[in-house]
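Asker: Take this structure, written in structure tokens, and hold onto it; I'll ask about it next.
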Amino acid sequence: MNPSPRQLVFASNNLHKLSEIRRMAGDKFRILSLEDIGCHDDIPETADTIEGNSMIKARWVKEKYGYDCFADDTGLIVDALGGAPGVKSARYAGPDCDPEANMALLLRDMQGKADRRARFRTVVTLITGQCAEQFTGEVEGEIATVRDGCSGFGYDPVFIASETGMTFASMDADAKNAISHRGRAIRKLFERLATL
Ligand code: IMP
């Protein structure tokens with residue numbers, strides 16, 4: 001008989017991210033959401049780096065709720081925009097974190113740009129006991145000129161992954177997880193957890 005899966009809190013209520021990560025965890029880890037632990041806080045993301053915001057979210061859960069946990073923070077880094085939207089990716093078009101408005105603004109800012117290179121960068125922070133560690137994942141691609149596909153979330157319809165030539169929103173969940181920024185960072189996290 002398999003031992004019961006290890007339980008770990010993921011400091012997010014983003015159902016898309018939860019679904020991606022639970023898919024990768026299989027039956028090895030039981031991933032709890034913030035909702036599952038009764039946390040309805042609007043965790044302030046006030047750092048000016050992706051690493052910093054990832055750390056804030058994980059520390060919040062550990063310090064206020066006492067759980068070993070992990071958190072992620074992601075930025076879309078576009079070369080022709082000097083690295084924007086970067087750490088401000090969620091609020092690129094304003095404080096509402098509206099993905100449609102963010103994509104519309106990005107497509108507008110990229111109009112007429114020949115250099116469309118971009119990458120997603122995710123930093124995952126793991127806190128177990130007193131110890132915090134970070135794991136990074138990146139994926140290279142380019143910004144499409146129009147939206148394509150309807151899977152995934154966020155900027156997926158306008159991000160063409162170099163490895164497949166398709167937008168993330170045109171790929172199925174396993175294909176995205178295999179090469180994505182978050183997939184890469186989360187695999188490192190699971191490899192580390194297997195050693196603890
Ligand atoms: P956060 O890590 O949830 O703060 O994400 C920052 C921004 O990047 C938000 O606008 C998300 O929608 C977007 N984002 C995060 N991960 C992905 C992804 O896998 N695909 C597309 N957009 C993403």
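Asker: Scan segment 87-112 and report the pairs whose first residue is within 13 Å of the ligand (Cβ to nearest atom) and whose second residue is assigned to a loop (DSSP other than H, G, I, E, B) and of a type in the set (A, V, I, L, M), with Cβ atoms within less than 6 Å and a gap of 6+ or a chain change.
Answerer: Ala101/Ala93; Asn102/Ala93; Leu105/Ala93
Asker: If we scan segment 63-70, do we find a residue that is near the ligand (Cβ under 9 Å from one of its atoms) and either part of a loop (DSSP other than H, G, I, E, B) or of a type outside the set (Asp, Glu) (or both)? Don't jump to the end; show me each part of the working.
Answerer: First, pick out the residues of segment 63-70 that are near the ligand (Cβ under 9 Å from one of its atoms): none.
No.
Asker: Let me ask something else about it. Please go through (1) touching a Lys or Arg at 6+ places or on another chain (Cβ under 8 Å); (2) within 17 Å of Pro85 (Cβ to Cβ) for Gly154 and return the number of the only condition it doesn't satisfy.
Answerer: It fails just one condition, (1).
Asker: Only one residue in Val158, Val123, Val146 is within 10 Å of the ligand (Cβ to nearest atom) and more than 30 Å from Glu63 (Cβ to Cβ), so which one is that?
Answerer: On the way: Val123 fails: more than 30 Å from Glu63 (Cβ to Cβ); Val146 fails: within 10 Å of the ligand (Cβ to nearest atom).
Unique residue meeting the criteria: Val158.
Asker: Just to be sure before I move on: is Arg119 surrounded by fewer than 20 Cβ atoms within 10 Å (Cβ to Cβ), in a strand (DSSP E or B), in contact with a helix residue (DSSP H, G or I) (Cβ under 8 Å, 6 or more places away or on another chain) and of a type in the set (Lys, Arg) in the structure I sent? Full working, then the answer.
Answerer: On the way: surrounded by fewer than 20 Cβ atoms within 10 Å (Cβ to Cβ): yes; in a strand (DSSP E or B): yes; in contact with a helix residue (DSSP H, G or I) (Cβ under 8 Å, 6 or more places away or on another chain): yes; of a type in the set (Lys, Arg): yes.
Yes: the conditions hold for Arg119.
Asker: What number of residues within segment 68-94 are out of contact with any helix residue (DSSP H, G or I) (no Cβ under 9 Å at 6 or more places or on another chain) and within 19 Å of Lys17 (Cβ to Cβ)?
Answerer: Final tally of qualifying residues: 1.
Asker: If you don't mind, there's one more thing I want to ask. Here are the criteria: (1) touching a Ser or Thr at 6+ places or on another chain (Cβ under 7 Å); (2) assigned to a strand (DSSP E or B). Tell me which single one Phe135 does not satisfy.
Answerer: (1)
Asker: If Ala58 satisfies every condition in (1) under 25 Å from Leu107 (Cβ atoms); (2) away from the ligand (no atom under 12 Å from the Cβ); (3) under 14 Å from the mean Cα position of the chain (by Cα) but one, which is the exception?
Answerer: Of the numbered conditions (1) under 25 Å from Leu107 (Cβ atoms); (2) away from the ligand (no atom under 12 Å from the Cβ); (3) under 14 Å from the mean Cα position of the chain (by Cα), the odd one out for Ala58 is (1).
Asker: Kindly list the number of the only condition in (1) over 16 Å from the mean Cα position of the chain (by Cα); (2) closer than 28 Å to Glu191 by Cα; (3) surrounded by 15 or more Cβ atoms within 10 Å (Cβ to Cβ) that fails for Ala84.
Answerer: Going through (1) over 16 Å from the mean Cα position of the chain (by Cα); (2) closer than 28 Å to Glu191 by Cα; (3) surrounded by 15 or more Cβ atoms within 10 Å (Cβ to Cβ) one by one, Ala84 breaks only (2).
Asker: Here's a follow-up. Could we say that Leu34 is within 24 Å of Lys188 (Cβ to Cβ), crowded, with 16+ Cβ neighbours inside 10 Å and free of Cβ contacts under 8 Å to residues at least 60 places away in the same chain here? Full working, then the answer.
Answerer: Numbers: within 24 Å of Lys188 (Cβ to Cβ): yes; crowded, with 16+ Cβ neighbours inside 10 Å: yes; free of Cβ contacts under 8 Å to residues at least 60 places away in the same chain: yes.
Yes.
Asker: Moving on to the next point. Suppose we filter segment 134-143 for residues that are within 11 Å of the ligand (Cβ to nearest atom) and either over 12 Å from the mean Cα position of the chain (by Cα) or buried (at least 23 other Cβ atoms within 10 Å of the Cβ) (or both); how many remain? Walk me through how you get there before you give the answer.
Answerer: Restricting attention to segment 134-143, the residues satisfying the condition of being within 11 Å of the ligand (Cβ to nearest atom) are 137, 139, 141.
Add one more test, that the residue is either over 12 Å from the mean Cα position of the chain (by Cα) or buried (at least 23 other Cβ atoms within 10 Å of the Cβ) (or both), and what stays is 141.
Residues in segment 134-143 being within 11 Å of the ligand (Cβ to nearest atom) and either over 12 Å from the mean Cα position of the chain (by Cα) or buried (at least 23 other Cβ atoms within 10 Å of the Cβ) (or both): 1 in total.
FYI, it's all coordinate maths here, none of it is from the lab. Remember, it's a predicted structure, so these values are computed and weren't measured experimentally. Glycine gets a Cβ as well: all are built from the backbone with ideal geometry, and neighbour counts include every protein chain shown.
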